[in-house]
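For reference, the structure is listed below as C-alpha cells.
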Amino acid sequence: MSALPDRGGSSRGGPATRRSRRLLGPLVSLLCLGVVVAGCAAPAPTVRPPSPGAGPVTTTSPDNRGAVRPLPAPTGCTSVVTDGFSLESATTTAVPGDTICVRGAIPDKRLVIRNSGTAQAPIRIMGDGTASVHGITVVASYVYLSGLNALNPSAPGISLDGTNITLENSTSISPRGDDGDALRFWGSNITIRHNTLRDTKNIKAHADCMQTFSTDADSPASQQVVIDSNRCEDIDNTCLIMEGPHSLAGDGSGIGASSDITYTNNYCQNRATEALQIDDVQNLTITNNEIAGDNDHAFALQNMSTGAKVSGNKLNPTIHFEVGMDDSSAPGYQGPQSGGSP
C-alpha cells in the first residue's frame, strides 16, 4: 500500500465522524417530524456547475463495460416522479412491490430510500438512462435501482447499505465533498453491475471509485458482493478499496468477516499506486478486468486477505507487476506470483 499522501491509502475519516455523518440525517428527521423547530428546515444541497464530462452517459462503451445506453422507458410504474417533492413523497411512502419511475432531471434533490422491499416484492426505482438526481442513498434491503444518473452529487455519489440490493445501468459522475468517493457499499448480497463511475478528485481526502469498510454496526462487514462490468474512469485514488473488520487501519469492528467478493469484467483507470487495495477480505475473485491506469501494481492483498483468485486480467504495460501480497494473505491464493509488497 502506498505511503505517498496523494497516491493511495485509506480515504476514511475517524469512526466518530463516520457515525455522525450517517446518523445525523435520520436523527434530524425524527426531531423535526411534525414539529416546528428553528433550524429544522434542511438546507438545499449545493448544486455545482457541471464538471467536464459530467453529462449522462449516452451510449454503451465499445467493450460493453459500464452503464448500458440507451435504455427503454420503464414500465409498470406505481408512481412517476419528476421533481424533488414527488421524489421524496414516493420514496418515503414506498411499500414492497412498488416501482418508482424517475423522469427528467432533479438536480437539487438526493434520492434517499429507507423503506425495504421483500424477496418476493422488491422496491424498484427505475430511470430510462437520462433521469438524474443529486446523489443516491439506500439504507434498506430488497431494493433494485436501474437507469439513474447521480450528477455532480455530494460524495459519496451513491451509497448502498443493506442486503439484497442491486444497482445497475447507473452512473456517479463528479462527486465532491466528504471523502469524494463515487460509490460506497455495506452489507450482503449486493450486486453492482454495468455502472459508470467517473471523475473523483483528491480534494479533501483520497477519492475512490468504490469503497467499503467495517468499523461498527453502522458499517458492517460486506459479504456475497458481485461487482461486474463497471467502468471506473478518471479516478484519483483506487478503483476499489475494501477494509474488513480487522483492518490495518486499527478501527475495525472486529465482528464478522468481509468475504466472498467477485470483481469481474470491470474497467479501471486510476492514479493510485494500486488499482485495488484489499485489507482483511477473504475469498476474493479478480478475473477478466482491464486495468488501464498508471499504477505501480494492479492488486494489493494484505492482512489475511486469504483465498484470493486472480486470473485473466489485462494490464497497462507500464504496470510493474500484477499482484503485491504479504505473507499472511498467501494461504489459498491462486494466481500470478506476487511481484512485491502490497
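Whole-Hz ³J(HN,Hα) for each residue in segment 276-281, computed from phi via Karplus 6.51 cos²θ - 1.76 cosθ + 1.60 with θ = phi - 60°, x for glycine and proline: what do you get?
10, 10, 10, 9, 6, 10
Please report the spacing between the Cα centers of segment 203-266 and segment 311-342 in Å, no decimals.
Taking the Cα centre of each part, segment 203-266 and segment 311-342 sit 18 Å apart.
Shape of segment 157-311 from its Cα gyration tensor (a ≥ b ≥ c, root eigenvalues): rounded if a/c is under 1.5, otherwise prolate when a/b > b/c, or oblate?
Values: a/c = 1.27, a/b = 1.21, b/c = 1.06.
It is rounded, given that a/c, with a ≥ b ≥ c, falls under 1.5.
Taking a probe of 1.4 angstrom, what is the accessible area of Thr130 in Å², to the nearest 10?
My reading of the accessible area for Thr130 is about 80 Å².
Quote the accessible area belonging to Arg198 in square angstrom, nearest 10, computed with a 1.4 Å probe and with ligands, DNA and RNA left uncounted.
Here the accessible area works out near 50 Å².
Estimate the FRET efficiency between Asn288 and Asp327 by the formula 1/(1 + (r/R0)^6), using the beta-carbon distance for r and 25 Å for R0, to the nearest 0.05. Walk me through the numbers before you get to the answer.
Values: r = 27 Å, r/R0 = 1.09.
With R0 = 25 Å, the Cβ-Cβ based efficiency is 0.35.
Label segment 115-231 by shape, choosing from rounded, prolate and oblate, from the square roots a ≥ b ≥ c of the eigenvalues of the Cα gyration tensor; if a/c is under 1.5 it is rounded, and otherwise prolate applies when a/b is larger than b/c, oblate when it is not. All intermediate terms of the calculation are to be shown ahead of the outcome.
Values: a/c = 1.80, a/b = 1.19, b/c = 1.51.
Oblate, because a/c is 1.5 or more while a/b does not exceed b/c.
Which value, in Å to one decimal place, does the Kirkwood hydrodynamic radius take for segment 66-134 when every pair of different Cα atoms is included? Write down the numbers at each step before the final one.
Numbers: mean 1/r = 0.0813 Å⁻¹.
For segment 66-134, inverting the mean 1/r across all distinct Cα pairs yields 12.3 Å.
Taking H as built 1.01 Å from N, whose amide H comes closer than 5 Å to the amide H of Asn164, not counting residues under 5 places away?
Hits under the 5 Å cutoff: Tyr142, Ser188, Asn189, Ile190.
Over the heavy atoms of Leu315, what accessible area does a 1.4 Å probe trace out, to the nearest 10 Å²?
That residue has around 50 Å² of solvent-accessible surface.
Can you bin segment 205-284 into rounded, prolate or oblate? Criterion: square roots of the alpha carbon gyration tensor eigenvalues sorted a ≥ b ≥ c, rounded for a/c under 1.5, prolate for a/b above b/c, oblate for the rest. Before the final figure, lay out each step's value.
Working: a/c = 2.32, a/b = 1.47, b/c = 1.57.
It is oblate, given that a/c is not under 1.5 and a/b is not larger than b/c.
Straight-line reach from Lys109: which aspartates and glutamates fall under 17 Å, measuring Cα to Cα and dropping same-chain residues less than 8 apart?
Result set, ordered by chain and number: Asp83, Glu88.
At what distance in nm do the modelled label points of Glu88 and Ala105 sit from each other, each positioned 7 Å from its Cα along Cα→Cβ?
Once both label points are built, they end up 2.1 nm from each other.
Sticking with the crude label model, points 7 Å out along Cα→Cβ, report the distance from Lys314 to Ile203 in nm, one decimal please.
Inter-label distance under the simple model: 3.3 nm.
Within straight cross-link reach of Lys201, meaning Cα distance under 12 Å, which aspartates and glutamates are found once same-chain residues fewer than 8 apart are removed?
Asp6, Asp178, Asp179, Asp181, Glu233, Asp234, Asp236
For segment 256-342, what are Rg and Dmax over the alpha carbons, in angstrom?
Expressed in Å, the Cα Rg and Dmax of segment 256-342 come to 11.7, 38.
The values are calculated or read from the model by the stated rules, or taken from the named source; none is laboratory data. Computed from a predicted structure; not experimentally measured. Cβ coordinates were reconstructed from backbone atoms using ideal geometry, including for glycine residues, and neighbour counts include every protein chain displayed. Ligands, DNA and RNA are excluded from the accessible area calculation, which covers all protein heavy atoms including side chains. Shrake-Rupley method; radii C 1.70, N 1.55, O 1.52, S 1.80 Å.
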